[in-house]
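Data first, discussion second: the structure below is written as structure tokens.
The values are calculated or read from the model by the stated rules, or taken from the named source; none is laboratory data. If you're wondering where the values come from, they're calculated on a predicted model, not measured in any experiment. Using ideal geometry, Cβ is built from the backbone for each residue, glycine included, and neighbour counts are taken over all protein chains shown.
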Amino acid sequence: MPTKAETSTEGLAPELKAKMALALDVDDLVEAVRLARQLSPWFGVAKIGLELYTAAGPDAVGAMIDSGFDVFLDLKLHDIPTTVRKAANVCGALGASYLTMHAHGGTDMLRAGVEGFHEGARNAGLTEPTAVAITVLTSDDDAPDHIVPNRLRLAVEAGCGGIVCSGINLKDAREMSPRTLRVVPGIRADGAERHDQPNPVSPSQALEAGADLLVIGRAVTLADDPAVAAKELFTDIG
Ligand code: C5P
């Protein structure tokens, strides 16, 4: 039976919803499914990170696909090329639409990951998914300014279809590689609690600056009423 949220007329239009990834940073699959279904009028993509994947494994991917979401598997792969290729192949076969890998791993590793991911999906009869390179972690305070453009170049050379960058790097990323999907975490309403996000931007700022996929977690998941928080966060774009 559909949930109340699923039958509600509130929510974003399909083309905007497809740009919203809900970060399910919880350690319990039942809670993740409940959150995702409650927020389904606003989010078309479910992001499964290390916490949920460690707790629930591939079942988490299947549960989100069964609930109608595209899956963003945020495993931030970083290992030797052979291992990354094999792991990415499994992620493709599971039906993930997006998979993250660290650009810090270098061109050969990224290329192996892209090939493995695409091959896994192809062999399962699925459409080609998007490999996404992490340019730099927001927690890396020592990263020099040139690191994002360098890693973007590396990612594109290796065949990655997307990159993760912060809102402040969006303009440069768009100019350097207009066809690369730009994934942006650190989304907050103006003046809201930023948690550990150093450079938050609002949904409308991110979209105007060229973000293709907005990653949103605690701004909604920690709220007393996540659905109300989502509605408020998206007021200026919905
Ligand atoms: O801050 P929020 O809960 O919206 O984070 C959503 C996602 O952004 C997290 O799942 C993580 O992947 C990423 N993140 C980040 N930098 C931080 C904190 C989280 O890129 N400082």
>> I'm trying to understand the selection: among the residues of region 135-178, which are more than 16 Å from the ligand (Cβ to nearest atom), in contact with a strand residue (DSSP E or B) (Cβ under 9 Å, 6 or more places away or on another chain) and either touching a residue at least 60 places away in the same chain (Cβ under 8 Å) or not in a helix (DSSP H, G or I) (or both)?
In response: A158, G159, C160, G161, S177
> G92: modelled with pLDDT of 95 or more, over 17 Å from the mean Cα position of the chain (by Cα) and more than 29 Å from T235 (Cα to Cα), yes or no?
Replying inline: no
> Among the residues of region 204-238, which ones are small (G, A, S) and within 11 Å of the ligand (Cβ to nearest atom)?
Replying inline: G217, A219
> In region 196-211, is there at least one residue being in contact with a helix residue (DSSP H, G or I) (Cβ under 6 Å, 6 or more places away or on another chain) and part of a helix (DSSP H, G or I)?
Replying inline: yes
>> Could you check region 214-226 and list, in sequence order, the residues that are over 15 Å from the mean Cα position of the chain (by Cα) and either over 21 Å from V71 (Cβ atoms) or part of a loop (DSSP other than H, G, I, E, B) (or both)?
In response: L222, A223, D224, D225
>> Given the options A56, A88, name the one that is more than 16 Å from the ligand (Cβ to nearest atom) and touching a residue at least 12 places away in the same chain (Cβ under 8 Å).
In response: A88
> Can you name the residue in region 179-203 that is away from the ligand (no atom under 12 Å from the Cβ) and modelled with pLDDT of 95 or more and is also nearest to L222 (Cα to Cα) among such residues?
Replying inline: S202
> Restricting the first residue to region 20-38 and requiring it to be farther than 17 Å from V164 by Cα, which pairs with a second residue that is part of a helix (DSSP H, G or I) and modelled with pLDDT under 95 meet a Cβ separation below 6 Å and a spacing of at least six or different chains?
Replying inline: Q38/A5
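Return the residues of region 115-155 that are among the β-branched types (V, I, T), over 23 Å from P198 (Cβ atoms) and in contact with a helix residue (DSSP H, G or I) (Cβ under 8 Å, 6 or more places away or on another chain); say none if nothing qualifies.
Across region 115-155, the qualifying residue is only T127.
So that you can scan it fast, the table gives a plain yes or no per residue for (1) out of contact with any Leu (no Cβ under 7 Å at 6 or more places or on another chain); (2) at pLDDT below 95; (3) at positive phi:
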{"site": "P2", "(1), (2), (3)": "yes, yes, no"}
{"site": "P14", "(1), (2), (3)": "yes, no, no"}
{"site": "M20", "(1), (2), (3)": "no, no, no"}
{"site": "D27", "(1), (2), (3)": "no, no, no"}
{"site": "A46", "(1), (2), (3)": "no, no, no"}
{"site": "G62", "(1), (2), (3)": "yes, no, no"}
{"site": "D74", "(1), (2), (3)": "yes, no, no"}
